[in-house]
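Take a look at the structure below.
The values are calculated or read from the model by the stated rules, or taken from the named source; none is laboratory data. Keep in mind that what you see is a predicted model, and the values were worked out from it rather than measured. Reconstructed Cβ throughout: ideal geometry from the backbone, glycine too, with neighbour counts over all protein chains shown. Note: accessible area is taken over every heavy atom of the protein model, side chains too, but ligands, DNA and RNA are not part of it. Shrake-Rupley method; radii C 1.70, N 1.55, O 1.52, S 1.80 Å.
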Amino acid sequence: MKNIIIAWRNLWRKPWRTAITSGSIFFGVLFSSVMTSMQYGSYGDMIDNVVKFYSGYAQVFTEEYYDNKSINNSFELTDSVIGIAENNPVITDYAPRLEYFTLASNEENTKGSIIIGIDPHAESKITNPGKWVERGEYLSESDDGVMVAIDLADFLQVDVGDTLTLLSQGYHGVTAAGKYPVRAIIKFPNPQLNKQFIYMGIKNAQEFFGAPNMVTSLVMMVEDHYDLPRAMRLLQKEVKPPFMVMSWAELQPELVQMIEGDRAGGTFMKGILYMIITFGIFGTILMMISERRRELGVMIAIGMQRNRLGAILFFETLFMGLIGVFAGVFASIPFTYYLYRNPIPVTGEVGEMFVQMGLEPQFTFSMHPEVYYFQAITVFIITLFIALFPIYKSYTIKLTRALRA
Amino acid sequence: MNVIEIKDLVKIYNSSEVKVKAVNGITIDFEEGEFTAVVGPSGSGKTTFLNMLGGLDRPTSGSVKIGGTNVWELSSRKLIDFRMNNIGFVFQSYNLIPVLTAGENVEFIMHLQGKPKKEREKRTKELLESVGIGDRIKSRPAKLSGGQQQRVAVARALASKPEFILADEPTANLDSKATSGLLELMSEMNRKHNTTFIFATHDQRVMDKARRIVTIEDGKILKDERFER
Ligand SMILES: Nc1ncnc2c1ncn2[C@@H]1O[C@H](COP(=O)(O)OP(=O)(O)O)[C@@H](O)[C@H]1O
Ligand SMILES: [Mg+2]
């Protein structure tokens, strides 16, 4: 107990030095927390974006479908397949899809496009295509109409209320053909999607392709991407050949690569920051020990064991680190909370780029606990590590030399 | 009765090319209740001698026995405990732990010894009163004068109830008034409680009080005189 009291009082012998050292830790933690918060925020946005645009957090499909996205590799949506999603406690929503290529035409214009057969209600909880409806109405439960992406609609010169002719090859080669009223025009932020997508009720699509009750994939959602690993562990246990399950990360490896690249950049910057902090603390400790050489000698002379002296100096170093870490974390919470509630808008070309990727043109911030405790633990470990030095010193300090100092 | 028995004590410093024989064969005993001044010119080996005697600096050869224990045969941990329980130290300056108050400095050594709190507090109060600064028990060293600090150091040295007290030039940084005050205090402690004191000094006023004066030159004993005072 006495050790801690002495260590604490020692800390305030040079209040300015302690303040500067702890202050450097404080700013280090604050800066890297805010940076991490922004990184996590933007990763979250990007992941949400692909997940909510299209892929969902995870999908179940057949192994053949993964190699060849053909309608012939679709599967029957049986109760046992639904059970995989239904019985998984982490999965919040799921929806079946039947997707395949088609030719779409209106009078003399024809264009290749993709039919996405959806369950309008279930899908609204996942990718929510209704959000992008530009004109018209989102598909109702047993709708016999379609929703057409805006550039495709312009090309074909169709609008809400017109009729679209679709022609494709159905399940195992049957001819698929039909006329469908256009219920809505859809405008995505992503121009690529605007040229291709046609949404249709899944029943309608199954009928069109001659594949009753068949689906190409079952798309699943979890609360947020931090829940995904657990969901995937459970799914991997349940899903057996001929089926397979994939997470968004496996479905979108480029995005994962981009995030990893950015994360590495951030880690590098934090590494430099922490190195500066490390030298700062270390310098303070060196100064403190050399100033107190004589005093340390006197303490050992009158009967203080070296391990005890080491403990005092250890606590002193630790306190200096902890003050900085706690202050840093406590300051970053309201700071990142403010940014979390008030994302920083992005304008100009960069903002335009965000929009094209389907993102809101803003930097968002995350308040995930990792944002804080990772910084806290890192600095804490650095401090522990540095605190070994005064322990080493208290064991090796030469008594007669210290007393002559 | 001999408290300290020193035989053929030698200390050679091997720094750089030159070998310095700081202490060059000292054999001497100290008895309980003695009030001894070790004198000699600067560089004669007083500090080196006292440090070996106090278990602070390992001799090149020779032995130091305190109360029958050969101190330089103890392990380094045991030696620290031995110093704590048997030797009181008063150094020239900066004796005290700056972040502890006068009272805490005195109490601290008893804390290290594992004495119960009640006893520590009682003894701290008594000791600080007996060295004449009972009213400064809550002051930190920086708030005390040099003379007051040395008094606290004496109180701390006494607190552990040691066999003897070693004081290396305890008055070197004090003005004459503080010096005579401190000397008065130490000789009073010596007379009243029969505490054994050994000083290194070249201060004439300290020598005038001493009942035994050991003169060292070039690491050897030149004279060993006793006085009735
Ligand atoms: N650590 C050391 N290394 C080398 N020489 C030393 C060391 N300590 C003391 N000496 C030398 O030993 C001699 C005795 O020094 P010291 O015991 O301090 O004398 P005093 O206390 O009488 O002034 C001096 O010549 C001094 O220079
Ligand atoms: Mg000396």
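The trypsin sites (Lys or Arg not before Pro) found in region B:1-97 that occupy coil by DSSP, while having at most 11 further C-beta atoms within 10 Å, are B:Lys19.
For the pair A and B, how large is the buried accessible area, both sides, in square angstrom to the nearest 100, if the probe is 1.4 Å? It comes to approximately 2400 Å² buried between A and B.
Taking R0 as 41 Å, what FRET efficiency do you get between B:Asp135 and B:Glu228 from their Cβ-Cβ distance, rounded to the nearest 0.05? Please list the in-between numbers first.
Numbers: r = 37 Å, r/R0 = 0.89.
That gives a FRET efficiency of 0.65.
To the nearest ten degrees, helix A:2-11 and the longest principal axis of the Cα atoms of chain A are 80 degrees apart.
Using only side-chain charges placed at the Cβ, +1 for Lys and Arg and -1 for Asp and Glu, the dipole size of the protein assembly as shown relative to its Cα centre rounds to 5560 debye. Pairs of Lys residues in region A:11-170 are counted when their Cα atoms are under 22 angstrom apart and they lie 8 or more places apart or on different chains; the count is 4. Surface composition of the protein assembly as shown: carbon plus sulfur atoms contribute 56% of the solvent-accessible area (1.4 Å probe, protein chains only, all chains present). Straight-line cross-link reach from A:Lys393 at under 18 Å between alpha-carbon atoms covers no lysines, not counting any fewer than eight positions away in the same chain.
Summing Lys, Arg as +1 and Asp, Glu as -1, what charge do residues with Cβ under 13 Å from the Cβ of A:Ala311 carry, A:Ala311 excluded?
Numbers: positive: A:Lys2, A:Arg306, A:Arg308, A:Lys393; negative: A:Glu316.
My count for the surroundings of A:Ala311 gives +3.
Can you tally the lysine pairs in region A:169-314 where the Cα-Cα distance is under 26 Å and the two residues are eight or more apart, or on different chains? Write down the numbers at each step before the final one.
Numbers: A:Lys179/A:Lys187; A:Lys179/A:Lys195; A:Lys179/A:Lys203; A:Lys187/A:Lys195; A:Lys187/A:Lys203; A:Lys195/A:Lys203.
For region A:169-314, the number of qualifying lysine pairs is 6.
Of the GluC sites (Glu not before Pro) in region B:15-105, which ones lie in a loop per DSSP and count no more than 13 other C-beta atoms within 10 Å? Mind dumping the intermediate values first?
Working: sites: B:Glu17, B:Glu31, B:Glu32, B:Glu34, B:Glu73, B:Glu104; in loops: B:Glu17, B:Glu32, B:Glu34.
Here the sparse-neighbourhood loop sites are B:Glu17.
At most 11 other Cβ atoms within 10 Å plus a DSSP loop assignment makes a site exposed; report the longest stretch of chain A without any exposed GluC sites (Glu not before Pro). Kindly include the intermediate steps, with their values, before the conclusion.
Details: sites that count: A:Glu107, A:Glu108, A:Glu141.
Here the longest segment lacking exposed loop sites spans A:142-405.
Note on A:301-311: average number of Cβ atoms from other chains within 10 Å of each residue's Cβ is 6.
With both labels modelled 7 Å from their Cα along Cα-to-Cβ, the A:Leu77 to A:Ala122 distance reads 0.4 nm. Over 22 Å apart at the Cα level, from the set B:Lys122/B:Lys177; B:Lys115/B:Lys138; B:Lys21/B:Lys223; B:Lys19/B:Lys220; A:Lys2/B:Lys118, are B:Lys122/B:Lys177. Please give the helix B:76-86 orientation as an angle from the longest Cα principal axis of chain B, in degrees from 0 to 90, rounded to the nearest 10. The angle comes out at about 60 degrees. Measure nothing fancy, just the Cα-based angle from helix A:369-396's long axis to the longest principal axis of chain A, in degrees from 0 to 90, nearest 10. Approximately 20 degrees, to the nearest 10.
Take every DSSP beta bridge whose two residues both sit in region B:2-226; close to 55 percent of them are antiparallel.
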